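This report concerns only the one structure given below.
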Amino acid sequence: MNVENLEINNSHVIVWIADKQKRLIDSIAQMFLNSEHRFCVKHLYNNFKSEHKGLLLKQILWSAAKSTIEQSMERMRSESVAAYEWLADKDTRHWSMAYFKDTAICDMLCNNMCEAFNKAIQQAHDKLVLTLMEMIRNYLMKRLVKKRAELEKWKHDIELNVFRIVENLKMESSICHPEYSGNFKYQARGIGDEQYVVDIDTKTCACNRWQLIGILCIHGISCILS
């Protein structure tokens, strides 16, 4: 099977999460020109902690990975130059949200989804190919039926997880202080001196989170509620 057989014509919305083998990075870049290749941050941290231990460094690394702005790396430098240099040597486009493309609308940092699926079909691992495929088919069929039944009971217009995210952000949005600047644009002040330009019309925020994951950020919500 090759790329042509898969008939993938929209590689710009595809995200690959795998280890950081050089050959794998190069192969994906050649086969899927516009796709995004990310490292699993959980595996990245496992390699990081072998040389740089400590809860604080762990927290900063994960903050740098999840942050949609570029300030977390400077915090790492202030705590440990060696740890900063170790991370700086890893292409940030592959592991930090601050450098991700905004075409895929995906905030995944780990390959937990693959690991969960792999665990779900664990009993099929040692089966022949046809038996393996049949067990996977049955698993997916039952899962789809279960999820469809849950969906029929849901009364809101947006999916449950997104609904929870938005509701939580609504409660937290009081820390932001938006000021309208005209033409659907706002200046949202966060904690301290942080300020972000929010454009309700284009659905963008200077924190980049709205663009990256396709869900309102805390600054956008505060502006809409103001």
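Just so it is clear, none of the values below were taken in a lab; they were calculated from the coordinates. Just so it is clear, the structure is predicted and the values come from calculations on it, not from any experiment. Glycine gets a Cβ as well: all are built from the backbone with ideal geometry, and neighbour counts include every protein chain shown.
Provide the per-residue ³J(HN,Hα) series for the stretch 76-89, in order, calculated from phi with Karplus coefficients 6.51, -1.76, 1.60 and θ = phi - 60°, each as a whole number of Hz, with x at glycine and proline positions.
Karplus-based 3J(HN,Hα) across the stretch 76-89 equals 4, 4, 5, 8, 7, 5, 5, 5, 4, 5, 4, 6, 4, 6 Hz.
Between Phe184 and Lys58, with labels modelled 7 Å along Cα→Cβ, what's the label distance in nm to one decimal, could you check?
4.4 nm
If you fit an axis through the alpha-carbon atoms of helix 160-172 and take the longest principal axis of the Cα set of the chain, what angle between them do you get, 0 to 90°, nearest 10?
Computed tilt is about 20 degrees.
Which residues' amide hydrogens lie under 5 Å from the amide hydrogen of Arg38, considering only partners 5 or more residues apart or on another chain, with H built in the peptide plane?
HN-HN under 5 Å from Arg38: Trp16, Ile17, Ala18.
Which residue fluctuates the most in the chain, going by a Gaussian network model with Cα springs under 10 Å, if the choices are His37, His12, His156?
In this elastic network of the chain, the residue with the biggest mean-square fluctuation among His37, His12, His156 is His156.
Karplus couplings for the stretch 112-127 from phi (6.51 cos²θ - 1.76 cosθ + 1.60, θ = phi - 60°), rounded to Hz, Gly and Pro as x?
4, 4, 5, 5, 5, 5, 4, 5, 5, 9, 4, 5, 8, 4, 9, 8
Apply the a/c threshold of 1.5 to the C-alpha gyration tensor of the stretch 3-99 and tell me whether it is rounded, prolate or oblate.
Taking the square roots of the gyration eigenvalues as a ≥ b ≥ c, the stretch 3-99 is prolate.
³J(HN,Hα) across the stretch 133-149 via Karplus (A = 6.51, B = -1.76, C = 1.60, θ = phi - 60°), whole Hz, x for Gly/Pro?
5, 5, 5, 5, 4, 5, 4, 5, 4, 5, 5, 5, 4, 4, 5, 5, 5
Within a 10 angstrom radius of the beta carbon, how do Ile165, Ile191 rank from fewest other beta carbons to most?
Ile191, Ile165
Taking every DSSP beta bridge that has both residues in the chain, what percent is antiparallel when rounded to the nearest 5? It would help to have the intermediate numbers written out before the result.
On the way: 12 of 16 bridges.
Counting only bridges with both partners in the chain, antiparallel ones make up about 75 percent.
Compute the distance in nm between two label points, each set 7 Å from the Cα along the Cα-to-Cβ direction, one at Cys114 and one at Phe163.
So the label points at Cys114 and Phe163 sit 3.2 nm apart.
Nearest 0.05, what FRET efficiency do Glu172 and Leu24 give at R0 = 41 Å with Cβ-Cβ as r?
Once rounded, the FRET efficiency stands at 0.60.
Helix 55-66 versus the longest principal axis of the chain: what is the Cα-based angle in degrees, 0 to 90, to the nearest 10?
With rounding to tens, the tilt is 90 degrees.
Please identify, among Arg209, Arg75, Arg164, the residue showing maximal mean-square fluctuation in a Gaussian network model of the chain using a 10 angstrom Cα cutoff.
Among Arg209, Arg75, Arg164, the largest mean-square fluctuation in the Gaussian network model of the chain belongs to Arg164.
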